[in-house]
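A.B. asks: The structure is given below, and queries will be raised subsequently.
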Amino acid sequence: MGRSGFFAGVQGMRRNPMYVCICNALKDRQLAAASHGARNVAEVFRRCGRRPQCGKCLPDVAQLIETTRDEDQGATKLAAE
Ligand code: FES
């Protein structure tokens, strides 16, 4: 997946944190930290000690998991070189 869309990359995340999950007051950085190695959205919420409520943020959290996975794989490739 390319680095476009809502999360252009965790590394390039803005200095000012942004709320992604309004229901649980979870910010992008909190969710990004919980997304590393997460298999699904439920796992990210579990790591944050919360449960999804309205569900509007779920696609964004799923995208964040993909973004962190891409970045983690990129870091692993660089480390192997
Ligand atoms: S905005 Fe995340 S559950 Fe409602």
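Computed from the coordinates by the stated procedures, all read-outs in this text should not be read as laboratory data. Because the structure is a prediction, the values reported are computed rather than measured.
A.B. asks: Normalized C-alpha radius of gyration of region 19-80, against 2.2 N^0.38 Å?
C.D. replies: Compared with the compact-globule rule of thumb, region 19-80 sits at 1.13.
A.B. asks: Taking 8 Å as the Cα distance limit and 6 or more residues as the minimum spacing, I'd like the relative contact order of region 19-80 as a percentage.
C.D. replies: 35
A.B. asks: Could you give each residue of region 33-42 its phi-based ³J(HN,Hα) in whole Hz, using Karplus coefficients 6.51, -1.76, 1.60 with θ = phi - 60°, and x for Gly or Pro?
C.D. replies: Using θ = phi - 60°, the values come out as 4, 7, 7, 4, x, 6, 8, 7, 5, 4 Hz.
A.B. asks: I've got another one for you. With θ set to phi - 60° and the Karplus curve 6.51 cos²θ - 1.76 cosθ + 1.60, what are the ³J(HN,Hα) couplings of region 62-69 in order, to the nearest whole Hz, using x for Gly and Pro?
C.D. replies: My calculation for region 62-69 gives 4, 5, 5, 4, 4, 4, 5, 5 Hz in order.
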